[in-house]
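What follows is a single structure, written as structure tokens, with notes after it.
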Amino acid sequence: LTVLTGVSGSGKSSLMRGCLSVACEKKTKNPPFTSSTGFDTFKYRYEVDQSPIGKTSRSCPATYVKLFDHIRALFAQLPDSRMRGYTASRFSFNNKEGQCTECKGNGRIKLEMDFLPTTWIDCEACLGERYNDATLEIRYNGLNIGEILSLNIKTAATFFTAHPKLQKPLQLLADTGLDYLTLGQPSPTLSGGEAQRLKLVTSLTKGRPKITDIGPTNTNLYLIEEPTIGLHQQDVAKLTDVLHRLVDEGHTVVVIEHHMDLAAEADYILDLGPEAGPHGGQIIARGTPEEVAKNKTSVTAPFLAVSL
């Protein structure tokens, strides 16, 4: 776990995106460095930023993390579904056969009002459940597909205990402090920090090899930019645990961070500076958190020392 520290504008993002990410591509023409070593040990590179994960309300945590594909497949296997000839596509709220005819599977109706901002209200036909009555008649352990989407992640992780393909990603989401989000929450309502943690979990579920598969060329490089923005202290601790779990599995995690509690948990720190813009871009201190905290020229050192 390597943390890049330094004042804003000191060159942390340039190092991460302009050097580390580029070096991982291996075949880049005219790279901004004379040589790079060690990058052939990575199978994949994942960049996790805080950009939005979706612009429409049809995008939600369940669809972004690919959980909904498994949920729809599960509903299609139920006896009632097979008797009626329902396939997994029937349980997509984008499918005309299964969606509510009033809101077209959106769950909400858009109201255009004169002299007032546009607003959204729950669909009166499906009461926000997105589907028509025939689709909602199919139930798994007492819940229909609309009610499943209304579950928060913590409850859903318990509900799907018997299904590892669902339970494991859900538990990982809960471990990153997102247990309060509902599976069907519209993506535009998520904060930047929430979106970033969803991306992190998506990368984990796609890229994590089994521990027995770890080898010299089967580990990943994770590049993460300021994951603690907007997080409570308790959530920072949860996120740190997830990052440590990645490292314990053999992966390399590089994080840009201003939160000194996370920096104090690093195996290695690169502190950039001394100032911002044209006065930055230099490595001022490097080493373990304890070593960097003792550096006399680092602006970060006094703050890091408080967290140790």
- Task: About the Cα centre of segment 1-71, how large is the charge dipole given +1 on each Lys and Arg Cβ and -1 on each Asp and Glu Cβ? Please answer in debye to the nearest 20.
- Result: 160 debye
- Message: Quick check: pseudo-label points 7 Å beyond the Cα along Cα→Cβ at residue 294 and residue 154, how many nm apart are they?
- Response: 4.3 nm
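What shape does segment 1-137 have by the C-alpha gyration tensor, where a ≥ b ≥ c are the square roots of the eigenvalues, rounded means a/c under 1.5, and otherwise prolate means a/b greater than b/c and oblate the rest? Don't skip to the answer; put the middle values down first.
Details: a/c = 4.12, a/b = 1.89, b/c = 2.18.
It is oblate, given that a/c is not under 1.5 and a/b is not larger than b/c.
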- Message: Quick check on the chain: take the gyration tensor over C-alpha atoms, sort the square-rooted eigenvalues as a ≥ b ≥ c, and tell me if it's rounded (a/c under 1.5), prolate or oblate.
- Response: prolate
- Item | Straight-distance crosslink candidates among aspartates and glutamates, where the alpha carbon sits under 20 Å from residue 165 and sequence neighbours closer than 8 are dropped | 69, 147, 175, 179, 213, 249
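Count charges around residue 221 for me, please; just the other residues with Cβ under 10 Å from its Cβ, Lys/Arg as +1, Asp/Glu as -1.
On the way: positive: 43, 45; negative: 47.
Local net charge: +1.
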- Message: Output needed: Cys residues of the chain lacking any neighbouring Cys C-beta below 4.7 Å, sorted by number.
- Response: 19, 24, 60
- Distance in nm between pseudo-label sites at residue 189 and residue 56 (7 Å out along the Cβ direction from Cα): 1.8 nm
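What is the sum of charges around residue 188, taking Lys and Arg as +1, Asp and Glu as -1, for the other residues whose C-beta is under 12 Å from the C-beta of residue 188? Walk me through the numbers on the way to the answer.
Values: positive: 55, 58, 108; negative: 194.
Counting the neighbours of residue 188, the net charge comes to +2.
Expressed in nm to one decimal, what extension gain is obtained for the pair residue 121 and residue 249 from 0.36 nm per residue of sequence separation less their Cα-Cα distance? Spell out each step's value before the answer.
Working: separation 128, 0.36 × 128 = 46.08 nm, distance 4.53 nm.
Net length gain for the segment: 41.5 nm.
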- Using alpha-carbon coordinates, inclination of helix 67-76 to the longest axis of the chain, degrees: 30 degrees
- Under the rule rounded for a/c under 1.5, else prolate if a/b exceeds b/c, else oblate, using alpha carbon gyration tensor axes a ≥ b ≥ c, segment 91-176 is classed as oblate
- Item | Given 66/199; 110/154; 12/43, the pairs whose alpha carbons are separated by over 19 Å | 110/154; 12/43
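Counting helices only, and only those DSSP H runs with n ≥ 4, report the 222 nm mean residue ellipticity of the chain as the sum of -39,500 (n - 2.57) divided by its residues, in deg cm²/dmol to the nearest 500.
Numbers: 14 runs with 105 residues, N = 308.
It lands at -9000 deg cm²/dmol.
What FRET efficiency comes out for residue 21 versus residue 241 if R0 is 30 angstrom and r is the Cβ-Cβ distance? Round to the nearest 0.05.
Working: r = 25 Å, r/R0 = 0.84.
Computed FRET efficiency for residue 21 and residue 241: 0.75.
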- Would you mind working out the magnitude of the charge dipole of the chain relative to its Cα centre, with +1 at each Lys and Arg C-beta and -1 at each Asp and Glu C-beta, to the nearest 20 Debye? 1040 debye
- Proximal aspartates and glutamates relative to residue 294, as straight alpha-carbon distance under 20 Å, when same-chain residues fewer than 8 apart are discounted: 257, 261, 265, 267, 271, 275
- Note on the structure: Given backbone amide H placed at 1.01 Å from N, residues whose amide H is under 5 Å from that of residue 284, ignoring those fewer than 5 places away on the same chain, are 271, 272, 273
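Of all accessible surface on the chain at a 1.4 Å probe, what whole percent is carbon and sulfur? Mind dumping the intermediate values first?
Working: 8210 of 15820 Å².
Answer for the chain is 52 percent, counting heavy atoms of protein chains only.
The values are calculated or read from the model by the stated rules, or taken from the named source; none is laboratory data. Fair warning: this is a prediction, and the values are worked out from it, not measured in the lab. Positions of Cβ are backbone-derived with ideal geometry, glycine not excepted, and every protein chain shown enters the neighbour counts. Calculation scope for accessible area: heavy atoms of the full protein, side chains included, ligands and nucleic acids excluded. Shrake-Rupley method; radii C 1.70, N 1.55, O 1.52, S 1.80 Å.
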